[in-house]
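Worksheet for the structure shown next.
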Amino acid sequence: MKTNSDTTAKLYIGLDVHKEQTSVALAEPGAKGEIRSHGNCATSQIALERIIRRITKARGCALPEIHVCYEAGGCGMWIARMLLRLKVQCTVVAPSLIPSKAGDHVKTDKKDAIKLVRLLRAGELTAVHIPDETDEAIRDLCRARVDTLDDLRRCKVRLLAMLRRMGFNYSGKTHWTEAHKRYLRDLRLPLLAHRIIMEENIGQIDQLEARIERIENHMEMLCEEWSRKPVVHALMSLRGFARIASMMMVSEIGDFVRFTHPKQLMSYLGLTPGEYSSGGKQKQGAITKCGNSHLRWLMVECATHYRSEPRIGSALSIRQQGQPAWLKEISWKAQNRLYARFTKLRQRLMHHNKIKVSVARELTGVIWEIGVKMQSSFKP
């Protein structure tokens, strides 16, 4: 969302935030207003609040009459929440969408702060959504589960790779079943070093599996007290969306109403195709992948469930209990439409990954419709 130049603001402040130090720049209102650096301060709540108050006092303006911006990054959203509590207008900027000159090869903190405040005054910056503290905390918990799953996968791959190098190949159908785990326990490796590695890896796998189970239990408990619980339960009526996937989806998106059209949500996920058109020629390329990569991965994984013929299984039927009729109707229409899409693209011999991305893009529109309808019926 593009920022608008606030004509009521008496002062613009740009912050180039880093781990230990923040560079501050000021801009007077008006196209010809002065822009200058105001020095540095520590990146802490006390130091930032003190310098903001000093600037406003020296300029003779109130806190609501200034407009502050900084780039989204590793320092998170605590600065924005602090400023909003002080009634200060704050914009968190998308770093990848900041305009830049091709020939500018000098980059310093001072220049970055001046550049930010100049673009803020001109209304040329793209703002990102500032999530609620609870939404952000649940999102971090969901991402912690994904990180633990990734650690588990890596540990399993390392153990199997070592055994394969030594000539031990499991003859069963599936790895990491109870039978496969018994097979690993019964193995007698000839060298002590290899036995130590295998025991450490098996122990780590057990710990990671227990950690995933604990995180999932915490997610289920927190969902019951979450203000967005109705949206989570509504998404669970869709095929491929159990509690975990629905919580991940809602925690990443947050406010569905901020997207006025489903194409905006598709673009936010980076699922829209890139376009290279000029003159009378029009060419669409691969998807942009510009947006929430974590959510894009989740959507593609969930879209895979629609490759099978439409049906309401026992698990989905249980999840749909107590849901309104319009929600069940949307779920059933989505199954039929996306399965037909999957089948049509397979008949065209399109690559399987491209099919999943195309289906995920259409599934995003269904999720947007459900999210907007549910949010309009309650205030999170």
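If you go through the range 177-219 and keep only what is surrounded by 15 or more Cβ atoms within 10 Å (Cβ to Cβ) and part of a loop (DSSP other than H, G, I, E, B), you end up with just 189. Does the range 259-267 include one or more residues that are in contact with a His (Cβ under 6 Å, 6 or more places away or on another chain) and either assigned to a loop (DSSP other than H, G, I, E, B) or of a type in the set (Phe, Trp, Tyr) (or both)? No: zero hits.
Going through (1) within 30 Å of residue 256 (Cβ to Cβ); (2) of a type in the set (A, V, I, L, M); (3) assigned to a loop (DSSP other than H, G, I, E, B) one by one, residue 106 falls short only on (1). Flag not set for residue 92, criterion: over 21 Å from residue 137 (Cα atoms) and part of a strand (DSSP E or B).
Every condition in (1) surrounded by fewer than 19 Cβ atoms within 10 Å (Cβ to Cβ); (2) of a type in the set (Ser, Thr, Tyr); (3) closer than 24 Å to residue 304 by Cβ; (4) in the same structural domain as residue 367 (by TED's automatic domain parsing) holds for residue 260 except the one numbered (3).
Just checking, which of 56, 43, 91 is more than 24 Å from residue 128 (Cβ to Cβ) and hydroxyl-bearing (Ser, Thr, Tyr)? Full working, then the answer.
Working: 43 fails: more than 24 Å from residue 128 (Cβ to Cβ); 91 fails: more than 24 Å from residue 128 (Cβ to Cβ).
Answer to the selection: 56.
Could you list all residues from the range 94-126 that are closer than 14 Å to residue 76 by Cα and among the small types (Gly, Ala, Ser)? If you could, list the steps in order and put the result at the bottom.
Taking the range 94-126 as the starting set, the residues that turn out to be closer than 14 Å to residue 76 by Cα are 94-95.
Within the range 94-126, just 94 meets the criteria.
For every residue, the table says whether it meets (1) within 27 Å of the chain's Cα centre (by Cα); (2) over 21 Å from residue 269 (Cα atoms).
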site	(1), (2)
327	yes, yes
340	no, yes
343	no, yes
349	no, yes
352	yes, no
355	yes, no
361	yes, no
366	yes, no
369	yes, no
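Table: residues versus (1) in contact (Cβ under 8 Å) with a residue 40 or more places away in the chain; (2) exposed (fewer than 13 other Cβ atoms within 10 Å of the Cβ); (3) within 10 Å of residue 306 (Cα to Cα).
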position: 337; (1), (2), (3): no, no, yes
position: 342; (1), (2), (3): no, no, yes
position: 356; (1), (2), (3): yes, no, yes
position: 360; (1), (2), (3): yes, no, yes
position: 372; (1), (2), (3): yes, no, no
position: 375; (1), (2), (3): yes, no, no
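Conditions tested, residue by residue: (1) in contact with a Gly (Cβ under 9 Å, 6 or more places away or on another chain); (2) touching a residue at least 24 places away in the same chain (Cβ under 8 Å).
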position	(1), (2)
232	no, no
236	no, yes
239	yes, yes
253	yes, yes
267	yes, yes
289	yes, no
292	yes, yes
304	yes, yes
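Would you mind finding the one in 348, 296 that is in contact (Cβ under 8 Å) with a residue 24 or more places away in the chain and not hydrophobic (A, V, I, L, M, F, W, C)?
Values: 348 fails: in contact (Cβ under 8 Å) with a residue 24 or more places away in the chain.
The unique qualifying residue is 296.
The values are calculated or read from the model by the stated rules, or taken from the named source; none is laboratory data. Just so you know, these numbers come straight off a predicted model, no measurement behind them. In this analysis, Cβ positions are derived from the backbone assuming ideal geometry, glycine residues included, and neighbour counts consider all displayed protein chains.
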